[in-house]
Structures are given as structure tokens and as C-alpha cells.
Amino acid sequence: MRHLLTTAFCACALLTASLAGAATLTIRIDEVRSGDGTVQVALYDSAGTFLKKSVGATAEQAVEGSTTVIVKDLPEGDYAYAIFHDANGNGKMDTNMMGIPTEDYAFSNNALGKMGPPKFVDARFTLSAAGLNTTVSLKN
């Protein structure tokens, strides 16, 4: 799991220009325990690439309590996101020796997996041209 999350978030680059469109995704991330570091968001558009190859990633300065991330100019379609709070600012999801995250994380729909991350189908949401406002809570 550590490799998947690290790979997913290492880029931490803004969404690529090839994602032309008009929809805006607004994610309110609750239960942010501190204002240290950044909240990292990776966006995926298929089960085959979920947690392996994001279609884009972004980061916002963490705000204790609640942090909002806005992703603009997305094409309509099905997506899922993975989030983690990079409180120590090292640019990666930290895990213990067993690969279990030691930094707070969340998936769209507050999806949880069994003995690992959730499946794309459990985290999937549909983004329409009207956009979407969603809320997720970090797990620790």
C-alpha cells in the first residue's frame, strides 16, 4: 500500500492542461488535525489506474479543522480521489513497517477498504458539467 500511495502522490503537480472542460470539483476535507504541511489530493478516472496513475494531483496548505481544495476545468465523467495530510512536508505518504499509513488519509465517498485501500467502484463519483461540492473526513 505504501508504494501505491507514494506513487500516487509523489508528483503533487497541478492538473495537466490536457484536462480541458468546464466542471469544478470542490472538496471540503474535515478533521484536519493541524495546519502543518499540506493536504495532497490525487484524482483518478478509472479502476485500472486507481492509486497507480492519477490524471492529476494538487496540494493546498493545511488548515486546522477544515481545508478546501478546488479543482477546475475537469471534463465530465466518473472519478475517485485519494487524499493525505502531509503534515511533515516530506512530499510522501508516511507508513509504518507494515505499510500502514501513519499520516491521516481519506478517499472519496469516505470509502474504506478491507485490509487495504478501497476499490475504485466504492470511491467513484460522477462529475457533471454543473460541478460537484463534496465533503470527506480524514482518518487517522
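The values are calculated or read from the model by the stated rules, or taken from the named source; none is laboratory data. Quick caveat, the model's predicted, so the values are computed rather than measured. Here Cβ is always computed from backbone atoms with ideal geometry, including for glycine, and neighbour counts include all displayed protein chains. All accessible areas refer to the heavy atoms of the entire protein, side chains included, with ligands and DNA or RNA removed. Shrake-Rupley method; radii C 1.70, N 1.55, O 1.52, S 1.80 Å.
As a rough guide to protection, the peptides 48-56, 75-83, 126-134 ranked by mean Cβ packing within 10 Å, highest first, stand as 75-83, 48-56, 126-134. Placing R0 at 25 angstrom, the Cβ-Cβ distance between SER137 and GLU76 gives a FRET efficiency of 0.45 after rounding to 0.05. Surface analysis of the chain yields an accessible area of 51 Å² per residue, using protein heavy atoms and a 1.4 Å probe. Relative contact order for the chain: 33 percent, from Cα pairs under 8 Å spaced at least 6 residues apart, divided by residue count. Figure legend: label point modelled 7 angstrom from the Cα of THR26 along Cα→Cβ; residues of region 102-140 with amide N under 14 Å from it are 130-136. Candidates [x] 0.93; [y] 1.10; [z] 0.97; which is the computed Rg/Rh (Cα atoms, Kirkwood Rh)? Only one listed value fits the structure, namely [x].
Sorting 22-29, 89-96 by their mean Cβ neighbour count within 10 Å, with the most densely packed peptide first, gives 22-29, 89-96.
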